[in-house]
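One structure is given here, and the rest of the page talks about it.
The values are calculated or read from the model by the stated rules, or taken from the named source; none is laboratory data. This structure is a prediction, so every number in the text was calculated from the model and none was measured. Heads up, the Cβs are rebuilt from the backbone with ideal geometry, glycines too, and the neighbour counts pull from every protein chain shown. Just the protein is used for accessible areas: all its heavy atoms, side chains included, with ligands, DNA and RNA removed. Shrake-Rupley method; radii C 1.70, N 1.55, O 1.52, S 1.80 Å.
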Amino acid sequence: MSPASRKRSKTFAWVTSILAMAAAIAVSSPAGAQLAPPWDGNPISAGLGPTYGEAWCANAAPGSNIANQQKQPLALIPYEAIGCTLQQFLDEAEAAGIPERMSYEVIGQSAGGLDLYGVVVNALETPDQERDYDRWVQLRSIMLTDPAQAQTLLEGWGDQVKIPIFVEANIHGNEEETTDAMMQVIRDLVTTPYGTNPVVDDLLDHAILIVIPVENPDGRFRGTRANANGFDMNRDLLVQSQSEIRADVALQQEWLAPVGLFLHGYVNPTLIDGLTKPHNPGLEYDLFLEWNQPRLDVNEDALADVGMDITRPVNEWNADAWKAPPPVGPAYAEGWDDWGPFYTQTYAAFFGVDGSTLEMCDSGPGCKGRFGSKRAQYVGFYSSAEFWSEHRSEILHDQLEIFRRGVSSAARPDCCDNPFIAGLGFTEDQHDWMVPYPQAFVIPFDGGGQRSDAEANRMVQWLLDNGIQVEKSVEPFSWNGQTFPQDSYVVWMDQALRGLAYTTLSAGQDISERITQLYAPPGAWSHGLLWGADVVEIPDGPGFSASTTPISAPNALEGGVVAGPADWYAVTLRGVGEVRAILDLLRSGVDGEVAEEPFISASAGSMPAGSLLFSAADTATLAAAGLASGVFFEPVLDADKPNTTQLDEAPRVAMLAGGSGRNDTLWSLEQIFGPDVQIVTTSSLVNAAADPLLNIDVIYNAGQAYPSEPQSDVARGRLSDFFAGGGGYIGTSQSANNFSFLSAAGLLTSPLTQGSDAADGGIAIWANEGSLGPVTGGLPTQDFLYLPSNITYFSAVPSEATVDGRYLESTDDLFLAGLWRDRNAAVGGAPVVVHGTTTADTRFLGLATNPFSRGDAEREWALIGQAALWSNLTDEA
């Protein structure tokens, strides 16, 4: 582009540590030069919508949030107009004789059933554009398997290669102008004739733009941050529970863009991260810093040209900024971190070298409400994209360096040796959070310490979907006294995406001594510890070997009925998939029973209380269910049959809630109990003509207090009838109300009380004291507990309750990973799982954590399923 088209005042220089050579980045223009679009914030192509005198191709649906936002200063594009507007761009280009540069397709559906669009702008109208795209395709084909060779190819090509740029807009549905800015960018690139605008030409020649213009169609329609399931999807990039995020991840995995923007609002002045400490240990943070910091300088200048300031947390913030004056800077900055892999920006950084959350302004200097919000995103995109395009070869080299380090098992580098970075105040002691990688992770299959093959397969499929290489053993192998069967899974860490693999499977770190706050909890996560499969981490060093072969799909599941004389068949539930299989059996008309005590199986020996028993008359149905779910039903003779509780039907579960809206709790319950879940609101308990609990077997309390007199004699009477009829009750630490409810209802002689110690969440270890009991009998002697935020426990337990599980005695031993600074000694050894029989002879479970926060803790879902089966006494009646 012409130097006269905009101003630039800063010169940036940094040293590339890998290449050990100096590089300088300088962009400048004469002071006072006249700005042109896009640098003045105005669109390059025709402006979109009524703001610019153009009607939308489709109107907003009546009642939608966008229908109310069609006035000045900015009429927002309705979700209903996204698809036809994209087609309109293609039609405009065709009418102008411009070759087709864009493709778009529906890449998935939202939770509410709306189409999710993915857009790719990739100009191939010149020989150079075709050549440079073909070269990127060559890189993509080998970058994960032979990145060193890809680097060699790149060195020979110089800058004659295209770079993918990924942009995600409107993941929070009420941060709307992100979509409008990117739809304008797409129109610029698709409809501007080649040779008429140097900014457009530069991106067409050197970049591939991949955009999700509306990541949250439900939220855009409703004007809500969350989707129709009530999920904040910018917390779902690790679990990937939501259909929108799975589509997003699939698109990112296809392109593996080394750079990107994740568009949000609202912060004044506009915030563009540089991320504060702590930094996710799976990131190659030295490479991120090398590109992120000078690019932020370019953003800062570009927004200054239109009268806007920016917020750069890592460069400006103090951990106590709201309480104390400076000093500020990298050594003091906390609270806008990339620690959690559940943000889109952090996920993309596992395979990229630069990306930012761009939080647009909505007020303040240069930002005039909605129009200024869109302009901040528009200028932020173009200044970033220009920088990335200019340095595309070096950026691609460093992306390949991430992968090269992985496949060669390279040691972790220092983060801050680069003189440019060190000069900004980044130091090893504050900003190096990278850790050595282990040699491998083993996911046993078909025994070998694996609680559930179905859950092992679930985890392996997730890994494969996220580009992580998984292999399986071709023969049995051993490590540290444990023998793993043939076909066990091995995730070797000498692979390109080792950072993502490690972050997913490892226990994580206790960061309590290094940091005071996070942007958002939890401070730890681990599919290896918090999902339903058992995973073994193999540390780096000698002594481990396994003969393995790569896989592209999980093993076939085996299951059925074990041969031998049988009057009954029994199964112990160790994974949520097994719970679902049993519920399906009950729905099909097969009757079951819950063992109240341990017993002997003819094939498996001792089986724990809580196991499910079924009549041998249903052998054929059991065999089919076992094969489908990957479990074996063990034969039991009449002489060995234990005392049982009848279970004729799948328990119908009511989520007791304050309102009828969907959220992560309801979604998680549906993943366990499927169609047998419904919301019962406190209002319906009072006002519904028919008793909403009439056909309910188990209540899961989502935070409601027991109705107080004279609030509702009707509600209290209906609850009394429910418990008198044998209804079960499950309460978790989602709210202390869930436990005080039982006392207020007169169901306990003394309170079951929740204690809480302030923390930012993590992973704890608990000891199973209920190995002979019906709730935790099928669980290991020690297991892991997810703590979404505070450390919660039972500070008082009534005589009606039996303690099934306790934290380990030492607060250091019990806390495995996360952020918990001021440790209350009372937590050590405190109860975390209890069950009991109420004064009404009904059953309850108390769990001192929230298993349904964001859908993270699938390991605990089997416990909730088990509790529902055991606590339901309505079939007995």
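With the condition kept exactly as written, say whether any residue in region 317-328 is in contact with a strand residue (DSSP E or B) (Cβ under 7 Å, 6 or more places away or on another chain) and not hydroxyl-bearing (S, T, Y). Yes, there is a match, as at least one residue in region 317-328 is in contact with a strand residue (DSSP E or B) (Cβ under 7 Å, 6 or more places away or on another chain) and not hydroxyl-bearing (S, T, Y).
Within region 306-329, being open to solvent by less than 10 Å² (accessible area, probe 1.4 Å), assigned to a loop (DSSP other than H, G, I, E, B) and touching a Leu at 6+ places or on another chain (Cβ under 9 Å) holds for one residue alone: G329. Return the residues of region 526-562 that are farther than 18 Å from M459 by Cβ and free of Cβ contacts under 8 Å to residues at least 40 places away in the same chain; say none if nothing qualifies. If the condition is that a residue be farther than 18 Å from M459 by Cβ and free of Cβ contacts under 8 Å to residues at least 40 places away in the same chain, then P542 is the only one that fits.
Has region 83-99 got any residue that is closer than 30 Å to E670 by Cβ and of a type outside the set (K, R)?
Yes, some residue in region 83-99 is closer than 30 Å to E670 by Cβ and of a type outside the set (K, R).
Starting from residues that are in contact with a Phe, Trp or Tyr (Cβ under 8 Å, 6 or more places away or on another chain) and buried (at least 19 other Cβ atoms within 10 Å of the Cβ), keep the ones in region 460-477 and report whichever is farthest from L251 (Cα to Cα). Before you say what the answer is, go through the steps one by one.
Initially, region 460-477 is screened for residues in contact with a Phe, Trp or Tyr (Cβ under 8 Å, 6 or more places away or on another chain), giving 460, 467, 469-473, 476-477.
If we keep only those that are buried (at least 19 other Cβ atoms within 10 Å of the Cβ) too, we end up with 460, 467, 469-470, 472-473, 477.
Details: V460: 20, G467: 12, Q469: 18, V470: 21, K472: 27, S473: 31, F477: 37 Å.
Checked region 460-477; the qualifying residue farthest from L251 (Cα to Cα) is F477.
Residues are listed down the side, and each one gets a yes or a no for (1) over 20 Å from the mean Cα position of the chain (by Cα); (2) within 30 Å of N315 (Cβ to Cβ):
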residue	(1), (2)
V199	yes, yes
A226	no, no
N229	no, no
Q240	no, no
D248	no, yes
L263	no, yes
P269	yes, yes
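If G274 satisfies every condition in (1) surrounded by 21 or more Cβ atoms within 10 Å (Cβ to Cβ); (2) at pLDDT 95 or above; (3) closer than 30 Å to S512 by Cα but one, which is the exception? Looking at each condition in turn, G274 falls short on (2). Confirm whether V562 is among the aliphatic types (A, V, I, L, M) and over 30 Å from A411 (Cα atoms). Taking the combined requirement at face value, the residue satisfies it. For region 722-762, the set of residues classified as closer than 21 Å to G865 by Cα and assigned to a strand (DSSP E or B) consists of G728, Y729, I730, G731, T732, listed by residue number.
Screening T516 against (1) open to solvent by 10 Å² or more (accessible area, probe 1.4 Å); (2) of a type in the set (S, T, Y); (3) touching a helix residue (DSSP H, G or I) at 6+ places or on another chain (Cβ under 8 Å) leaves a single unmet condition, (3).
Of the residues G828, G731, G746, G755, the single one that is in contact with a helix residue (DSSP H, G or I) (Cβ under 8 Å, 6 or more places away or on another chain), touching a residue at least 60 places away in the same chain (Cβ under 8 Å) and surrounded by fewer than 23 Cβ atoms within 10 Å (Cβ to Cβ) is G755.
So that you can scan it fast, the table gives a plain yes or no per residue for (1) under 22 Å from A867 (Cβ atoms); (2) of a type outside the set (D, E); (3) in contact with a Gly (Cβ under 7 Å, 6 or more places away or on another chain):
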position: R514; (1), (2), (3): no, yes, no
position: Q517; (1), (2), (3): no, yes, yes
position: P539; (1), (2), (3): no, yes, no
position: P554; (1), (2), (3): no, yes, no
position: G564; (1), (2), (3): no, yes, no
position: G605; (1), (2), (3): no, yes, no
position: L613; (1), (2), (3): yes, yes, yes
position: T621; (1), (2), (3): no, yes, no
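Per the conditions (1) outside any strand (DSSP E or B); (2) hydroxyl-bearing (S, T, Y); (3) within 32 Å of the chain's Cα centre (by Cα), the sole criterion not satisfied by Y117 is (1). Taking the numbered list (1) in a loop (DSSP other than H, G, I, E, B); (2) more than 20 Å from the chain's Cα centre (by Cα); (3) at pLDDT 95 or above in turn, P281 passes all entries but (2). Residues in region 211-224 that are open to solvent by 10 Å² or more (accessible area, probe 1.4 Å) and out of contact with any helix residue (DSSP H, G or I) (no Cβ under 6 Å at 6 or more places or on another chain): 3 in all. When restricted to residues that are assigned to a loop (DSSP other than H, G, I, E, B) and of a type outside the set (D, E), region 460-496 contains 15. Restricting region 431-459 to residues that are out of contact with any Ser or Thr (no Cβ under 9 Å at 6 or more places or on another chain), assigned to a loop (DSSP other than H, G, I, E, B) and within 21 Å of I672 (Cα to Cα) leaves a set whose member that is most open to solvent (accessible area, probe 1.4 Å) is R451.
Just need a number here: residues in region 240-271 that are on the phi > 0 side of the Ramachandran plot and open to solvent by 10 Å² or more (accessible area, probe 1.4 Å). Adding up the residues that qualify gives 1.
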